[in-house]
1. For segment 239-249, give me each residue that is open to solvent by 70 Å² or more (accessible area, probe 1.4 Å) and closer than 14 Å to Phe174 by Cα.
2. For segment 406-426, state whether one or more residues are touching a helix residue (DSSP H, G or I) at 6+ places or on another chain (Cβ under 7 Å), at pLDDT below 90 and of a type in the set (Gly, Ala, Ser).
3. Does segment 449-467 contain any residue that is buried (at least 22 other Cβ atoms within 10 Å of the Cβ), at pLDDT 50 or above and among the basic types (Lys, Arg)?
4. What is the one condition in (1) in contact with a Gly (Cβ under 8 Å, 6 or more places away or on another chain); (2) closer than 14 Å to Ile309 by Cα; (3) open to solvent by less than 30 Å² (accessible area, probe 1.4 Å) that Phe257 does not satisfy?
5. State which residue pairs qualify: first residue in contact (Cβ under 8 Å) with a residue 60 or more places away in the chain and inside segment 430-451, second residue open to solvent by 10 Å² or more (accessible area, probe 1.4 Å) and among the acidic types (Asp, Glu) in any location, beta carbons under 7 Å apart, and separation of 6 or more residues or different chains.
6. Output the residues belonging to segment 483-500 that are within 16 Å of Arg158 (Cα to Cα) and assigned to a loop (DSSP other than H, G, I, E, B).
7. Quick one: would you say Leu123 is at pLDDT below 85, on the phi < 0 side of the Ramachandran plot, surrounded by fewer than 17 Cβ atoms within 10 Å (Cβ to Cβ) and within 26 Å of the chain's Cα centre (by Cα)?
8. Go through segment 254-284 residue by residue and tally those that are in a loop (DSSP other than H, G, I, E, B) and polar (S, T, N, Q).
Amino acid sequence: MKNKKRGGGSAPKGPKKGKAFSLDDDPFFGTESKKRRKVQLDEIESESDADVGSDGEGGGEEAEEEEMEAVVETADEKRNRLAHEFLENTRELLRRAKEDEDDDSGEEDVKEGEMDSLVGKMLQQQQLEDSGRARRAIASRVKKPEPTDEFRILVKHRQPVTAVALSEVDLRGFSASKDGAILHWDVDSGKSEKYLWPSDAVLKSHGVKDPQGRAKKHSKHVLALAVSSDGRYLASGGLDRHVHLWDTRTREHILAFPGHRGPVSCLTFRQGSSELFSGSYDRTVKIWNVEDRAYINTLFGHQGEVLSIDCLRKERVLTVGHDRSMQLFKVPEESRLVFRAPASSLECCCFISNDEFLSGSDDGSVELWDMLRKKPVCIAKNAHPLLAAQKNAEPKDGDRIPNGHIENGNHTSESYDCSSTNSWVSSVAVCSGSDLAASGAGNGSVRLWAIKSESKVIQPLHNIPLVGFVNSLAFEKSGQFLVAGVGKEPRLGRWGHNPAARNGIAIYSLKLSSEDTNTP
């Protein structure tokens, strides 16, 4: 009986009778943040202290500190304010565009509800394009090049160009060559500025380790470049086995990430984040965080040198290597998908969308991949044939084989030679969120492709003349121009040489028809 009484006495008591309990009285359900409630309590305490007769100077300092604390925003309040500012700016842009269109008609301004619906549609379409679920039809709008249309040299390098990267923020580009020169140039004017390597003492203070093996000093030979989505950071990698981080605003060296046991052959940033992925000859892929200046993880799986890498917004990394495989690493799930190439070594790769990929091989083929199949869904063979008379061989309608392979050009031994190193597909690129792609080799031309996702094929569009080894390609985000890094030698070796080529950055302006002529 005593235990029951004790147990009954320890039961929680409810609210007293006669008093209505409201959720507003509970501070947990209050609308104000903890910081603001704390500021108000501090103000009340300071006022009471002032009434009691505290020191005047101390009270003034406390009041200033309280005002400064009251100005501080919480993380939620900052996100809310930035979202409202972004929406207001978007509304203003749409309002100005609408006013320009309706200026001659003299119609009244658009109502606020209609403007909000236009903003919502625009943001939804932009999100679909960024995520890869909606694809822009650009390939059908590309006009056939005139005989006078060709690449023009924008920036010159002393040695063959090995990497090209374009900034998404503004019309700036970055390029690197075998002599270690890293240039920062403007697309419109072509003016370039050089990144200066710091002294060995500064590099050591930034994290560079002593050279390994027989090497007595670090090589400045650069093989890869990558620029962050906000255009603030530039990453470079090469034969010195380090990933170097640069500030694009000051063109100064920030930090060096050691850890790779082989040359760093490829780099890429995850879109919209500060995560950096690096591939190396040591068969690994490493993950870094440039904001925190920290190493995150290492991805294993390749049995040969990692040659090319790409990444979109998702934490998925696409790589190809000398082991005749292309691998898709799912970082959060800690898993990977392995895709086997039917031919010899894959040389380059890039994302089309989250579920489709494009690759180039050293046998002259361009492959289209789907995440649901372990083998290519379409292969365009002899994509860059080395013609005897340097004439472009256009494919015919009857050159398609039922298994999805496409044979380009005339199949006679006198017409082309795809066993040459000049026909190796050394670079591929896809215009972001579109159906337009490009591939480059050393046969004297860059080929444009149309990606047909419904029929799972890639169709050749046009050939654009460009003498030399096309070691890197990059599309402008809206598809206005294509940038190519060209040289007298291939990117990863010296097994080919073209004395007629010029080392530098070549740019080609794409001529697009109006959008209302799109084909579905």
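1. Arg249
2. So far as segment 406-426 goes, no, none of its residues is touching a helix residue (DSSP H, G or I) at 6+ places or on another chain (Cβ under 7 Å), at pLDDT below 90 and of a type in the set (Gly, Ala, Ser).
3. No: segment 449-467 contains no residue that is buried (at least 22 other Cβ atoms within 10 Å of the Cβ), at pLDDT 50 or above and among the basic types (Lys, Arg).
4. (2)
5. Gly433/Glu129; Gly433/Asp130; Ala450/Asp435; Ile451/Asp435
6. Those that are within 16 Å of Arg158 (Cα to Cα) and assigned to a loop (DSSP other than H, G, I, E, B): Lys488, Glu489, Pro490, Arg491, Arg494, His497, Asn498, Pro499, Ala500.
7. When the stated conditions are applied, Leu123 passes them.
8. Qualifying residue count for the region: 4.
The values are calculated or read from the model by the stated rules, or taken from the named source; none is laboratory data. No experiment lies behind these values; they were computed from the predicted model shown. Methodologically, a virtual Cβ is constructed for each residue, glycine included, from the backbone with ideal geometry; neighbour enumeration extends over all protein chains shown. Surface accessibility is based on the protein's heavy atoms, side chains included, excluding ligands, DNA and RNA. Shrake-Rupley method; radii C 1.70, N 1.55, O 1.52, S 1.80 Å.
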